[in-house]
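Shown next, in structure tokens, is the structure this report addresses.
Here, each number is a calculation from the coordinates, and none is a lab measurement. Being a predicted model, the structure only gives us computed values, none of them experimental. Here Cβ is always computed from backbone atoms with ideal geometry, including for glycine, and neighbour counts include all displayed protein chains.
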Amino acid sequence: MYPVSIDYQETTLILLNIIKVLQQFSQILNLNNLIFIMENAEKRLKDHQFSIAVVGEFNRGKSTLINALCGEEILPSDILPCSATLNRISYAEKPSAKINFQDGSEREIEFYKLANFVTKKNTESQAVAATVKEAKVYYPISYFQHNKIEIIDTPGLGDEDNMTAVTLSVLQQCELAIMIISAQFPFSITESNILIDKLLENGVGEVLFIVNEIDRFDKTEDVERVINKISHRIEETINEWAQDQINPELALKKIGKPRVWGLSALQALKAKQTHDMALLGQSQFVNFEHDLKTILSEKRSLIILQVTVNQIIKVVTEIIETISLQKELLDRQQAQLQEMSAIIDSEVSKIRQKKREVIQFIDDTISTAQQQAQTSTYKFQQDLKKAAEIIIDNTTVTPAEIKNDNFLPNLSNQISTSLNEASNKLTQNIESEIIQGQELFVAKILDFSQFVENMPDNIYHKLKQLEIDISLTDEVIQQIETVNQLCNNLTANNNNNNELFLISFNSDSFMIQNNPSGVGTGIGAGIGLVLLGPIGAGIGAGIGANIGNRSRAKKFKEKFQPLVNIAIDDKLREKNINQIVDDYVSQALVEVLRQAKKILETINSVIETIQSNLVEQIAQQETLINHKKQQITQMEPETQSILNYAQNLSEKLVKIRSA
Ligand SMILES: Nc1nc2c(ncn2[C@@H]2O[C@H](COP(=O)(O)OP(=O)(O)OP(=O)(O)O)[C@@H](O)[C@H]2O)c(=O)[nH]1
Ligand SMILES: [Mg+2]
């Protein structure tokens, strides 16, 4: 897909293409920092810009080295930590300086006043330097002239945090780094960390090492020993770093054997200023300068490609890692969605089951109430007969009394009063049975509604534990609120107004009233009538006056009782007491039933809303996940082929550069 080539033009085009693709991928994966890195790489590759950063701990002679290259003391240097800003030095025919301030403004300054803006030599200059973003210094350095090269003086690393950050940002945008180490303090742990974290990790194309201040040693052999020692430590550090890389071998090749120059920047500067060739020779500066010029003229393009490739490898590796992480995440989310569907199904079927139980319970309660009422009614019939029997038994019957006109009306009255009492008892019994039924009923529905009310919370709580964003819709919240209100009314009715569910028990239903002129009398009269018949007939048929003796009185009671019973049965049947009780029970439960039905209907729609809502949300999530997965899967082969190409190219570049 990406043919390996080292033709500069062609390779540049391929790399620009790759950068475009990686930008798109970074965008899809939301890797903003990578987009930035690629934008930057694209710009540098197109501009063919070449930046050299001079780095190291403070006071190692960074500024002095740049001065030595220029042959003039253009940058301030000092025995105390000095450089406070980034200073970019590039070619111009005449020396000049511009200051870019933090607030975005830019100002040209007089060249010799540079120290007032870029150092921390005194509190005033330090305060000014704090407002400076960077200084641009233009100077006629001959070999910078045609090559769009800039050299960057950086504040000492590890001196202050914000300065370290400034230097770091520059390292991501430079092709070559010169690391300055002092011959006096051979390669500290801090310096080894600078090398790894700031240079190698940032994919700088090439790193050159300078052991400065060799003039501090008298003997050449001491200088050699120090340089060897430092070179060895640098190699160790690079090896250590390479072992942590995905491809240690390539990482090592890319850096190559570290190139270390021992020199005295201070002597070189002085020699150039005074044209002292002997001192210049002594400074060992010429070797370094010569090699630097060669690198800049011969390897510049290769290094630019190398830096770009390094950035591409860095970015594509991170993209590949992100893809694999996101794939895992998406797989997990997919599994979770299935889990979610299962949770929803099980919760919904739980609540449906519960609803069936409630309906069954309601049916049972009604039929139990009806059965009990029927039993009470049957018992009522027996009670009435018993009451009549007791009255009849206790009545003294003599022939003389039977003849008395008041006898039968009195007897009837007694019986009807007694029947009224029994009737009231029945009313109370049935009433209390119904109240009990209602209470059970209401309790059951409230219990169920509580369950319904908790259902969404239960479901959403379980779903929340998964990593997927599911929310309770307003519709659900509103419906649950309706269920709540209906249930509150149900409770209120039950607690405050039982009458609502009750029809007042009307004794009329049983044709028995306390009012003696009413139906009670009617029964009495009826019984009287029935009795008068046989008695009259008896009189007529010869019972007549003989009714006066004991056996006749006993016979009267024996005949009278069944007649009373028949009269009771007839009256109850005539008034259809069974039906009345049935109706009464049903009517008493009708209001609760109506309300329960409404609650159950609302609950039904809550369940449906929740279910359809969640199913919809899950479906949406699934579509989203599938889409993402597809996008990511499509990226995979391309990222792999980019990585392969970049690694091959990197290897080629290393070979050519070290040839
Ligand atoms: N003897 C000797 N002194 C040097 C040499 N190079 C630099 N110095 C001195 O070391 C001190 C620090 O030099 P600078 O160039 O300011 O060092 P720097 O690394 O830029 O320091 P910061 O900007 O503070 O990070 C100055 O006093 C220099 O004159 C050298 O080769 N030999
Ligand atoms: Mg400095």
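Of all aspartates and glutamates in the structure, the ones whose alpha carbon falls short of 18 Å from that of LYS113, not counting any fewer than 8 places away in one chain, are GLU72, GLU73, ASP78, GLU124, GLU134, ASP153. Once backbone amide H atoms are built at 1.01 Å from N, VAL132 has GLN102 as its partners under 5 Å, excluding neighbours fewer than 5 places away on the same chain. Fully extending the segment from ALA127 to SER586 would add 155.9 nm, taking 0.36 nm per residue of separation and subtracting the current Cα-Cα distance.
Rounded to 0.05, the FRET efficiency of the ASP569 and THR623 pair, given R0 = 45 Å and the Cβ-Cβ distance, is 0.05.
Restricting the calculation to Cα atoms, the range 20-283 shows an Rg/Rh of 0.97 when the hydrodynamic-style radius is the Kirkwood one.
Of all aspartates and glutamates in the structure, those lying under 15 Å Cα to Cα from LYS655, and not within fewer than 8 positions of it along the same chain, are ASP7, GLU206, GLU249, GLU298. When every Cα-Cα distance of the range 104-238 is counted in 5 angstrom steps from zero, the calculated P(r) takes the values 2, 8, 15, 17, 17, 17, 14, 7, 2, 1, 0 percent.
Each of ARG332, ARG60, ARG233 has some number of other Cβ atoms within 10 Å of its Cβ, and from fewest to most they run ARG332, ARG233, ARG60. Near the amide H of ILE141, within less than 5 Å, lie the amide hydrogens of ALA92, all on another chain or at least 5 residues away, with H placed in the peptide plane. Inter-label distance, LYS148 to ALA443: 8.9 nm, where each label sits 7 Å from its Cα along the C-beta direction.
Rg and Dmax over the alpha-carbon atoms of the range 1-81 stand at 19.3, 56 Å.
Between ILE477 and LYS46, the contour length at 0.36 nm per residue exceeds the Cα-Cα span by 149.3 nm. Divide the volume of the convex hull around the Cα atoms of the range 333-394 by the residue count and you get 45 Å³ per residue. The 3J(HN,Hα) values that the Karplus relation (6.51, -1.76, 1.60; θ = phi - 60°) gives for the range 349-361 are, in residue order, 5, 4, 6, 5, 4, 4, 5, 4, 4, 5, 4, 4, 4 Hz. Gly and Pro appear as x. Report the residues of the range 247-291 in range of a label on GLU72: point 7 Å along Cα→C-beta, backbone N strictly under 13 Å from it. Under cut-off, by backbone N: 273. For the range 5-24 versus the range 155-216, the spacing of their alpha-carbon centroids is 30 Å. Estimated from the Cβ-Cβ distance and a Förster radius of 35 angstrom, the FRET efficiency linking GLU601 and ASN424 is about 0.35.
Fully extending the segment from LYS557 to ASN484, taken as 0.36 nm per residue of separation minus the present Cα-Cα distance, adds 19.9 nm. A prolate overall shape is assigned to the range 232-381, the ratio a/c of its alpha-carbon gyration tensor axes (a ≥ b ≥ c) being 1.5 or greater and a/b exceeding b/c. Amide H to amide H distances under 5 Å link ILE178 with ALA53, VAL54, VAL55, LEU208, where only residues 5 or more positions off or on other chains count and H is placed in the peptide plane. Put the Cα centre of the range 308-333 next to the Cα centre of the range 73-147 and the gap is 41 Å. HN-Hα J couplings of the range 117-133 from phi, Karplus 6.51/-1.76/1.60, θ = phi - 60°, integer Hz, Gly and Pro as x? Ordered by residue, 3J(HN,Hα) equals 10, 10, 10, 10, 5, 9, 4, 5, 5, 5, 5, 5, 4, 5, 8, 9, 7 Hz. Distance between the modelled labels on GLU357 and ASP457, one decimal in nanometres: 1.9 nm (7 Å Cα→Cβ projection). Put a dot 7 Å past the Cα of LEU168, heading toward its Cβ, do the same for SER367, and the two dots end up 7.9 nm apart.
Between ARG259 and GLN630, the C-beta separation translates, for a Förster distance of 35 Å, into a calculated FRET efficiency of about 0.10.
The ranking of TYR584, TYR91, TYR143 from fewest to most other beta carbons within 10 Å of each one's beta carbon is TYR143, TYR91, TYR584. Given the pairs LYS198/LYS327; LYS62/LYS293; LYS46/LYS629, which span a C-alpha to C-alpha distance of over 23 angstrom in this model? Distance filter (> 23 Å) returns LYS198/LYS327; LYS46/LYS629. Counting only lysines at least 8 places from LYS354 when in the same chain, those with an alpha carbon closer than 30 Å to its own are LYS444, LYS462, LYS464, LYS597, LYS598.
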